[in-house]
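FYI, it's all coordinate maths here, none of it is from the lab. In this text, all values refer to a predicted model and were calculated from it rather than measured experimentally. Neighbour counts run over all protein chains shown; Cβ positions are idealised from the backbone, glycine included.
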Amino acid sequence: MATRGTLNRIRALHRAWNDRRWQDYAALLAEDCITHVSGIPAPQGKAEQLAWAQSFCAAFPDCRIVTDGYLQLFASHDGARSVAVTRLVGHAVCRPPLLDGMLLEPFRRGFDVTLTVIAHWRDGKVVVQHSHLDTETMRRQLRVVPDPLAGGAAPSPPPPDGMT
């Protein structure tokens with residue numbers, strides 16, 4: 001029974017994100033919650049996680065966590081731990097730079113990437129969460145970095161310390 005409750009809370013957390021019901025989203029995070037998000041070097045507390053989620057959704061207003069077909073969704077027998085593997089889909093709206101004085105219309109670039117969320121729950125709330133978003137694929141789909149599979153060169157890594 002604990003497993004089913006945790007699975008329902010995962011879905012509720014993701015639906016709150018999708019609907020931008022930030023009070024409901026925050027209510028599922030413990031006050032002492034610590035989150036680790038790929039691409040962010042330091043762990044975040046509840047307030048920082050909420051601010052990050054809101055700013056991410058402001059940058060990608062139509063982004064959605066796919067909840068009607070998780071790739072994997074499971075919880076431990078006692079409901080204290082869970083893993084959700086799903087997809088995050090959305091679009092970025094970009095305005096191209098001026099070309100010879102021509103103002104070009106904004107264009108949309110879509111992304112569809114894997115999102116993995118590993119959580120530890122206490123009293124029905126997330127106390128520790130690790131979120132991994134496939135940012136490399138997202139950047140490639142949004143054309144933020146060249147696509148090496150399409151003949152573009154990948155960015156060079158920085159030189160090792162002491163080699164500059």
- For the range 2-145, how big is Rg over Rh, using alpha carbon atoms and the Kirkwood form of Rh? 1.04
- Query: Along the charge dipole of the range 2-145, Cβ charges K/R +1 and D/E -1, which of V37, T137, T67 sits furthest on the positive end?
  - Reply: T67
- Message: Rounded to the nearest 20 debye, what is the charge dipole size of the range 2-145 about its Cα centre when +1 sits on each Lys and Arg Cβ and -1 on each Asp and Glu Cβ?
- Response: 200
